Structure formats: C-alpha cells, structure tokens
Amino acid sequence: MRWVKIFKSAQEANARLPENKPQLLVVGDQRICLVKHKDHLYAVSNTCTHNGESLNKGQINYAGEVVCPWHGYQFNLQTGREYLERSADLETFPIRVEEDGLYLGL
Ligand code: FES
C-alpha cells in the first residue's frame, strides 16, 4: 500500500473539511470522495458503482451514508456497502494520522 500525505495535520483537515459535505480529492488517476462525518474522516471511491456518478456531488444522510445524487443509492462510508446491495461495494481507503500529517492509503 502506498501512503499519500493529504493534510499537514489532523487539525488542518478538521479546519478545512466541512462536516457532512463530500469533497473530491484527486490523487494521480484516482478520484476519492473525502467525508468528515461526526469527527471521523472517511475516504471512498468517488465513482458510484451503479452508473458512475460522482459521489462528491451527493449528500450524507442521517445514517452516515453517502447518497448518490443520480438514483439515490446509499453507501456506507466505513464499508463501502450499498444499503440494499443493489450495486457493488465502493472501494474504501484507510486514513492514518502521523506526527507530520494525515495520510491516505492507496
Ligand atoms: S449512478 Fe449512483 S445511484 Fe445510479
């Protein structure tokens, strides 16, 4: 696994990421949907497994799932699993906090 530094610190990430507003993060050729939800940071693939919509355009629901804006499929941010298993799981990416920054595992 390759670790990529995405913030200088957890504090910076916390200050720059709005709660429950999915953000697009592009690392090389990978498009990641980054979400701060209840003070946790999650990273999942930005491409909806149903029909390819960009999940950073979606919303976070009461259950902490990212809801695709196109057909409303709901993906768990921790597991990537679609609520009703109507499509494949999203790829999920670990996030690690180190002394010198916050890293995303690809
Ligand atoms: S493209 Fe995401 S639910 Fe259809």
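Values quoted throughout were computed directly from the atomic coordinates according to the rules given, and no laboratory measurement underlies them. Predicted, not measured: the structure shown is a model, and the values here were computed from it. Neighbour counts run over all protein chains shown; Cβ positions are idealised from the backbone, glycine included.
Pairs spanning more than 19 Å between alpha-carbon atoms, out of K5/K57; K21/K57; K5/K38: K5/K57; K5/K38. Hand me the trypsin sites (Lys or Arg not before Pro) from region 1-31 located in a DSSP loop with no more than 16 other Cβ atoms within 10 Å, in residue order please. In loop regions of region 1-31 (DSSP not H, G, I, E or B), the sparsely surrounded trypsin sites (Lys or Arg not before Pro) are R2, K8. Set the Förster distance to 25 Å, then compute FRET efficiency between N14 and W70 from the Cβ-Cβ distance, nearest 0.05. That gives a FRET efficiency of 0.25.
Can you tell me what percent of all Cα-Cα pairs in region 3-105 are more than 19 Å apart?
37
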